[in-house]
Each structure stands twice: as structure tokens, then as C-alpha cells.
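Worksheet for the structure shown next.
We did not get these values from a lab; they are worked out from the coordinates using the rules stated. As the structure is a computational prediction, the values presented were derived from the model and not from experiment. Quick reminder, even Gly has a Cβ in these numbers, built from the backbone with ideal geometry, and neighbours come from all protein chains shown.
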Amino acid sequence: MQHDGSSFTIHGTPISPGLAQGITHVHHNMLGLIDAPVDINQSQVEQELARLDLATASISGDLEVLATRVEKEIDSRLSEVFGAHHLMLNDPSLQQELRKEVVDNLLCASSAVKAVFLRWESRFLSLESQIAREKGDDMRDLSIRLRNALAGITVHPLDEIPQGCVLVASRLLPSDTVFLAHRAIAGVLIEHGSSGSHAALFVRQLGLPCISGIPDLMSTVPDATLALLDADAGTGYKNGWKG
């Protein structure tokens, strides 16, 4: 990051080429405090298992819809990502581990999802291969979708982002990118993410200029501020950004 008076420049890794200009829209996780760990008592176990089953069935259906939508609107090959998500979500080992967290550790369904998916995500991210790291992102994506369903969050936070904005996010997950297809946004800045991730494939297919790997992005770039992106060089510019 470089400062020059009121000007501010950030540097990252080019993910998808192009030039862009727009007003920043900083995207935060909607779960927030409602996602805090919650213990249950023995009498609540069956209720939490039922909630978990209902949320899993709901997200399974959503994934099938997403796969069809991506095949029609973006690219048939990328629709396979959500087919893989469907298989991962319904993996017997994963489902058994989720139920064990509820039954043995007396965690509510959302806390069980958070704990189990974090373990699986960490296992994948600890491996060297790009494919394994992509699966880590997939697990994070599924975890957020399940916990949103359990929390009663039915609207995706990117479903109503401003037209022509520069999206600023900690990371971009595959299901996030689907909601960008018809939003006519200008570009994307991401704090975490690799050029080989599923999300990177989506933004390139959509033709969205994107820069990733920007340290402290979420605490540096303010909301509702004009930004200029040179995603060919991996730089972003703004007068008045703080450091």
C-alpha cells in the first residue's frame, strides 16, 4: 500500500483483467452475532437434528437450482461446481459428523455446522494441491449457506448490491458470484483468494475486473467511495483512502 497526500494505492494479485471505476460497496457477513456458539440440553437434541435435516434439504434444493441457473446464464462447465457442492453436502461421513456434534457435544445445529465444516475446510487448506484448496473454499461456502438457512436468512446479501459498484469483500465464494451475473457491477476487490479458485473462474467468465490478495482490505477501504481499478496490473486507486 502506498500513500501520497490524500491519494491511496493498494496492490494485489490480478485475478480477472480489465479496468473499472465505481463506488465501493463493502460486503460483510450477515450472520454476525446470531452465529455465536449455543449449547443445548438433551431434550433439544431431536429438535436440532430436525432443523439440521430441514436446512440440508433446503440447501440441496437450492444447489440444484443454482446449477441449472449457472448452466443457462454463465457456463455449463461452471455449473458442475454446484453439482459437486450437492455431493459434498450430502456426504455420509459429513452428515454423520454433524449429527455427532449435536448428539454427543450438545451443540445447536448452527454451532455444529460451524465446527464440523471448519474442521473439513482446515483439512483441505492444509494440503498443497490447488484442487484441495478449492474444496476448502467449497466447504466454507456450504457452511455459510447452511448457517444462513438455520438463522432464517433467506435473502443473499449480494442479491441487491448497487448497480455499477466496486464490490469489496473478504473473500468471494462460488455461490456469491452467481448473484453478480446480472448486477452490472464495475469490478471486485478481495482480501483473500487465489487465481485458481472457483470464484476466480466465475468472475473471469463474467468479465469482471478483479484484484485479490490485498492485506487488510476490509479495514482499509471505506464504503461508498469512488474507486479506480487496474486489474491488469493488480492495483486500485482512490483519493482519500485511509491507511
Two decimals is fine: what's Rg over Rh for the stretch 32-151, C-alpha atoms, Kirkwood radius as Rh? 1.00
Amide H contacts under 5 Å for residue 210, placed H, 5+ residues apart: 15, 16, 188
Would you work out which of 23, 106, 150 lies farthest towards the positive end of the dipole of the chain? Charges go on Cβ: Lys and Arg +1, Asp and Glu -1. 23
Once both label points are put 7 Å beyond Cα along the C-beta direction, the residue 154-residue 132 separation in nm becomes 4.1 nm
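Please tell me the relative contact order of the chain in percent, rounded to the nearest whole number, where contacts are Cα pairs under 8 Å and at least six residues apart.
On the way: 441 pairs, mean separation 90.3, N = 243.
Taking the mean separation of contacting Cα pairs over the length of the chain, I get 37 percent.
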Cα long-axis angle, helix 130-151 against the chain (0 to 90 degrees, to the nearest 10): 70 degrees
Once amide hydrogens are built 1.01 Å from N within the peptide plane, the residues lying 5 or more places from residue 24 or on another chain with amide H under 5 Å from its amide H are 166, 224, 225, 226, 227
HN-Hα couplings for the stretch 66-79 via Karplus (6.51, -1.76, 1.60; θ = phi - 60°), in whole Hz with x for Gly/Pro, come out as 4, 4, 5, 5, 5, 4, 7, 9, 10, 6, 5, 5, 6, 5
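Given a Förster distance of 41 angstrom, what is the FRET efficiency for residue 104 paired with residue 9, based on the Cβ-Cβ distance and rounded to 0.05? The partial results should precede the final answer.
Working: r = 51 Å, r/R0 = 1.25.
Plugging the Cβ-Cβ distance into 1/(1 + (r/R0)^6) gives 0.20.
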If I fit a long axis through the Cα atoms of helix 92-105 and take the longest principal axis of the Cα atoms of the chain, what angle between them do I get, 0 to 90°, rounded to 10? 70 degrees
Can you pull the Kirkwood radius for the chain, inverse mean 1/r over Cα pairs, to one decimal in Å? 18.9 Å
Point-to-point label distance, residue 76-residue 226, nm (Cα→Cβ direction, 7 Å offset): 4.5 nm
What share of the DSSP beta bridges in the chain is antiparallel, in percent to the nearest 5? 65 percent
As straight-line cross-link partners of residue 135, the qualifying aspartates and glutamates (C-alpha separation under 17 Å, not fewer than 8 residues apart within one chain) are 80, 91, 121, 176
The stretch 211-218 - phi-based ³J(HN,Hα) in whole Hz, Karplus 6.51/-1.76/1.60, Gly and Pro as x: 10, 10, x, 9, x, 6, 4, 5
Under the rule of -39500 (n - 2.57) per DSSP H run of 4 or more residues, summed and divided by the residues of the chain, what mean residue ellipticity at 222 nm is obtained, to the nearest 500 deg cm²/dmol? -14500 deg cm²/dmol
Show me, for the stretch 115-128, the HN-Hα J-couplings you get by feeding each phi into the Karplus relation (A = 6.51, B = -1.76, C = 1.60, θ = phi - 60°), rounded to Hz, glycine and proline as x. 5, 5, 5, 5, 5, 5, 4, 5, 4, 5, 5, 6, 7, 7
What is the set of long-range amide H partners of residue 38 at a cut-off below 5 Å, with H atoms built 1.01 Å from backbone N? 108, 111
Full-stretch length increase - residue 60, residue 205 - with 0.36 nm per residue and alpha-carbon distance subtracted: 49.7 nm
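Please grab the % of Cα pairs in the stretch 138-212 that end up more than 21 Å from each other.
Values: 657 of 2775 pairs.
Taking all Cα-Cα pairs of the stretch 138-212, the fraction more than 21 Å apart is 24 percent.
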How many angstrom lie between the C-alpha centres of the stretch 219-234 and the stretch 112-175? 22 Å
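If I stretch the segment between residue 125 and residue 47 completely, what's the gain in nm (0.36 nm per residue apart, minus their alpha carbon distance), one decimal? Walk me through the numbers on the way to the answer.
Values: separation 78, 0.36 × 78 = 28.08 nm, distance 3.26 nm.
Answer, rounded to one decimal: 24.8 nm.
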At 7 Å along the Cα-to-beta-carbon direction for both residue 118 and residue 161, put a label point, then send me their distance in nm to one decimal. 2.6 nm
